[in-house]
Every structure is written in structure tokens, then in C-alpha cells.
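The values are calculated or read from the model by the stated rules, or taken from the named source; none is laboratory data. Only a predicted model underlies this, so the values are computations on that prediction, with no experimental measurement involved. All Cβ positions, glycine included, derive from the backbone under ideal geometry; neighbour counts span all protein chains shown.
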């Protein structure tokens, strides 16, 4: 059984009036556990559609999406939410945290969605947060956190259910350079140490050095891109 | 429950504000129901507390005591009918009691004189003093409220406009008719008072207003067939026939009905707006795997907690109100009705929250990615 994420000639069409818009055009990609792939491209190129399909938020019009060897392309909505809960960790654009939960509860609520919260879950959440340098902030609410801290909480939340794949959607959109580096390096580290298949959609070229591979999305087509020559590694 | 409580703790002000509205609504519901009960009791408790199942009136009287006149002889005929276990005549007139104390202000108290046969099933048990006795035709049983006006057992009062004097043999509880105190008197005495004017008895022998029957299986139609010129109704129908009773209770129930509708909209609209405001948040949670059930439960339990707390506060406030209301106010809170109205309010709140749940179900998790393509 193949681990990680695999997409086989996935297409997505939208009907807009009499026109048929191709948002994704026969996209194929394979991301192994422990691999961190960046997808770059201009806005409107289909990056978000790509991420939505990979993350079981959207069904493709054609093609196969394999999460840990399981084809999710044609599953009903109910099972898709289960797949999202157990197999996918989302890191979304800045501050998509629940405003009335403190940092620890942000993580535990994910466990609550599956049922009961055990002491082991609490210990795991605390470990994740400590790992991301948030040990001191566990009882704080999102409004008391900086942008970088919020994104680190989002990373921890994405890892909470020990999913097979991590999907990051412009995780640095609202961060300054230093914090953006900090956040992406943390994602990269977690991906390596926890053996996750990770995809980050970004238009922030400064951060590509953290990724193992870079793909370019243009007009719904995905193509591999050589790492920028002489890119700085921290 | 977890999400619901966390959010309520975090945004106290908005939930307290809506809670206050719900408290006021439930408070008003309970006060109105207490007032409705009190008024209904005041209007008809003599009827309601009577141990009778059916009432026989004169045909065409619309179940109204005032319009009905029957011969007391019918009592024996009714007793002979199948399913009639007991029958006893009754009559009601209104009068004014004048205290025998040389009161310079000529104190008068409106009373309803209820004529019954001493010792019959219509005679209420005396809470104080003794009951009626056919051998003492001017000794009466009066409602307790007359005590508040200074009457005591053994007191004698005159009836305004007559030469008759009545003595209070004892007091009974919860006996009022048409909002005034009932005074039970032997039916012979009652006849003398009621038909003092010649011809007012229409020539009937031993005239009475109505005959009360006991017997669960009585068939009113059969009685109408056997005794033409009568109409038989249940006791509840007879209560409805008391003048002003329907109008009074109808007004209260209409207000209660409006309050229920209002509370449905308050809860429904508040949580709908709240849900719309949070649709992005719900989208995020759906994106990370929350099922509709999980989020729907959060909304419903929020409504449940809020309504339950508000209703509880409403009940406390109502009890407080009942304690400070003046004694003469017709306010009677019955536990059973408080429970019923609480459950109705709760059910209405939960039902109206379903609108919000539907909204939650419709939210697209793609919203979380910030731009739906």
C-alpha cells in the first residue's frame, strides 16, 4: 500500500454560464511521507482547488486521489469529513483559530470531534505545544497571541490527530519575514521528524528553500520546477 | 456541550443580554399564568371545587345559573334515571352583607348566596366552625376571605334590602363565584331570599337554578329525552357558562400565546444571527473534520443551557413577585402549570434553534480556505 498522498490525472471543471472552466487539468503528483512539497503559482492558477481536492474538501471531476492508498475521489460527504478529521492536517491562512478556546483546547477540540479526550491526548497536545515553543502559552486565548504564535498553534492543531498528510494554505500570508521563516522551518521540522507527507501552497518565494521539491501551478497544470539555484539554506 | 459552555463563558455579555430577555419573557409568562389561575379560581372556584360531574339547567339557559330556573321536584326524577348516582339542587343569587355593628360607614360586602341542601355532596367541608344544619336555617358557611373583612364565626350580618339576618356558622376555603365570596345557605332560606317578589318563581314548585349530578357515565342526551325542558352539561361546560369567565381566561391565554410566539422568535433570530456571524468559524471546524452533528449539538446545547437558566431565574423572580403581591390580588401559582409552561418555553426555544442548525449544516467547509473558487 502506498503511503502519503498521490493524485492521478485529477481534473476539476466548473460551469460558468455557457463556458466550462478547467480549474485543474490532469494533475498528477506523489508526495511520500517525510517529504515537503511546495506548490507555487500566480493567483487564479488553481492552487486552492488543488489543495481543496487533496484535503478532501472538494471532489474532483475526474481522476483519483489516494490518501494512504485509499481513493477518496468518490466518497460521500460524511466520510470525507471523517477523512479530514483522521488523515488530513490543515494549516490555513493566518488566525483561523476558534476565538473562545485557549491554546490547549484548540488542540483538544480536534480529539473531541472523534469522541472522548483521554489523559494521553492531553499529554500529546502538551508535548506538541512544547515542541513548537508554546509551552508557556497553553492557557492563552488567540487574541493574546502574536501572528506567529497563532500559526504555530495551527501547526500543532494540524498534527493533533496524527494525520498522514499536512496541507498548508499560504501559512505565512500575514507574517513578516522573520516569523515566516520561523513558521515554515517548524513545519519542515515536524514533517521530517513525524514522517508526514506535506504540501504547502504559497507565493512566498523566500520560503522555498525549506521544501524538498517545488511544483509550479499555471492555468490548472502542475509541473515540477528546479530548485532556485543558489537558494539560501538556513 | 464543551464548545457551548466555552463560548458562553468567553462572550458573557451577549449571552447575558439575550438571557435577560428570556428571563423577562418567562417571568411574564409565569405571572400571567398565576394571574389567569387566580382569576379563574375567583370566578368559578365554587363550581370547580364541587364534587359534581354534570349540571342540569333549564333548556335555553346556555349553562348559565342566572338564566335557569327549574323545579326542585326534578331532583327525585333525576335520581331515578340510570347512571345518576346522586343529585342535589342548587341556586345562586347575589347580595350584600351589612355588618351588624352600628358601623357609621355602613360597610357592605358583595357576596354570592349559594343555596344547597345541608349535608348534601355539594356542601364543602368547613375549615373552621361547623357546617350547615337544616334545623338552623339562618346559619351559613362563608368563604374565608370574609375573615379579612373582619367577620368571625358566630358573627351575624344582615342582608341589604331584606329583613333577613344570617349567622356565620363556619368558614370554608376557596369558595368564590363571579369574583366574590360565596356564602352557602340552606336551600329553603335561599328560596325565601331569591323569590321574595311574588311571581318571581314562575309558579314552579320548590324552584332552584340547577341540579348537580354525580355519576361518571351519565348521558346528557338521555336526560334531555326523559326530561324535556332541561339541558345537561358537564361541570367544565357549566364553568364556561359563568358570565365573563370565557372572556377573562381567553384574554390571558391570548397573551400567553403571543408570549410563546415572541420567545420563539427571540431565540430563533438571536441564534440565527449569531450563527451567521460565526459561519467562517464553523467552516474552519468543518474543514478540520467536525461533523454537522458535532456543531449542531453545540448550537442546541447552547440554546438549552441558556433557556434552562433563564427559565429557572424567571421562576425564582415569579416566586419573589408572588411573595410581595398584595393579598387581595388574584394570583395563584400552580406547580403543575409552572412545569408545563417551563417545558413549553424550553421546547419552543429548542425548536427555533433548529433554524440555526440548518444554517450550520449548509456552511461549506471550503469557506475555511478563505476564497471559494
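One table, with the values for the structure above:
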{"read-out": "The stretch B:59-69 - residue that is within 24 Å of residue B:175 (Cα to Cα) and either without any contact (Cβ under 8 Å) to a residue 60 or more places away in the chain or over 27 Å from the mean Cα position of the chain (by Cα) (or both) and, of those, surrounded by the most Cβ atoms within 10 Å (Cβ to Cβ)", "value": "B:69"}
{"read-out": "Residue within the stretch B:325-332 that is surrounded by fewer than 18 Cβ atoms within 10 Å (Cβ to Cβ) and part of a helix (DSSP H, G or I) present", "value": "no"}
{"read-out": "Odd one out for residue A:101 among (1) over 29 Å from residue B:13 (Cβ atoms); (2) within 10 Å of another protein chain (Cβ to nearest Cβ)", "value": "(1)"}
{"read-out": "Selection from the stretch A:24-48 of residues that are crowded, with 23+ Cβ neighbours inside 10 Å and modelled with pLDDT of 90 or more", "value": "A:24, A:27, A:31, A:36, A:38, A:39"}
{"read-out": "The stretch B:333-373, subset in a loop (DSSP other than H, G, I, E, B) and free of Cβ contacts under 8 Å to residues at least 60 places away in the same chain, residue farthest from the other protein chains (Cβ to nearest Cβ)", "value": "B:372"}
{"read-out": "Cβ pairs under 6 Å, 6+ apart, first in the stretch A:42-70 and free of Cβ contacts under 8 Å to residues at least 12 places away in the same chain, second in a loop (DSSP other than H, G, I, E, B)", "value": "A:52/A:58"}
{"read-out": "All positions within the stretch A:110-169 that are part of a helix (DSSP H, G or I), within 14 Å of another protein chain (Cβ to nearest Cβ) and without any contact (Cβ under 8 Å) to a residue 12 or more places away in the chain", "value": "A:112, A:144"}
{"read-out": "Considering residues of the stretch A:49-70 that are away from every other protein chain (no Cβ under 14 Å), modelled with pLDDT of 90 or more and on the phi < 0 side of the Ramachandran plot only, the residue surrounded by the most Cβ atoms within 10 Å (Cβ to Cβ)", "value": "A:65"}
{"read-out": "Yes/no for residue A:180 being touching a residue at least 12 places away in the same chain (Cβ under 8 Å), away from chain B (no Cβ under 14 Å), crowded, with 21+ Cβ neighbours inside 10 Å and more than 17 Å from residue A:31 (Cα to Cα)", "value": "yes"}
{"read-out": "Residue satisfying all of: in the stretch A:46-93; within 19 Å of residue A:222 (Cα to Cα) and part of a loop (DSSP other than H, G, I, E, B); nearest to the chain's Cα centre (by Cα) among these", "value": "A:55"}
{"read-out": "Enumeration of residues in the stretch B:148-173 that are within 30 Å of residue B:249 (Cα to Cα) and modelled with pLDDT of 90 or more", "value": "B:171, B:172, B:173"}
{"read-out": "Residue match in the stretch A:192-206 (condition: assigned to a helix (DSSP H, G or I), more than 15 Å from the chain's Cα centre (by Cα), under 24 Å from residue A:32 (Cα atoms) and at pLDDT 90 or above)", "value": "yes"}
{"read-out": "Matching helices (runs of 4 or more DSSP H) fully within the stretch B:1-92 where at least 2 residues are in contact with a helix residue (DSSP H, G or I) (Cβ under 6 Å, 6 or more places away or on another chain)", "value": "B:2-10, B:12-48"}
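Okay, residues lined up against (1) without any contact (Cβ under 8 Å) to a residue 12 or more places away in the chain; (2) surrounded by fewer than 18 Cβ atoms within 10 Å (Cβ to Cβ):
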| residue | (1), (2) |
| --- | --- |
| B:194 | no, no |
| B:201 | no, yes |
| B:231 | no, no |
| B:234 | no, yes |
| B:261 | yes, yes |
| B:271 | no, no |
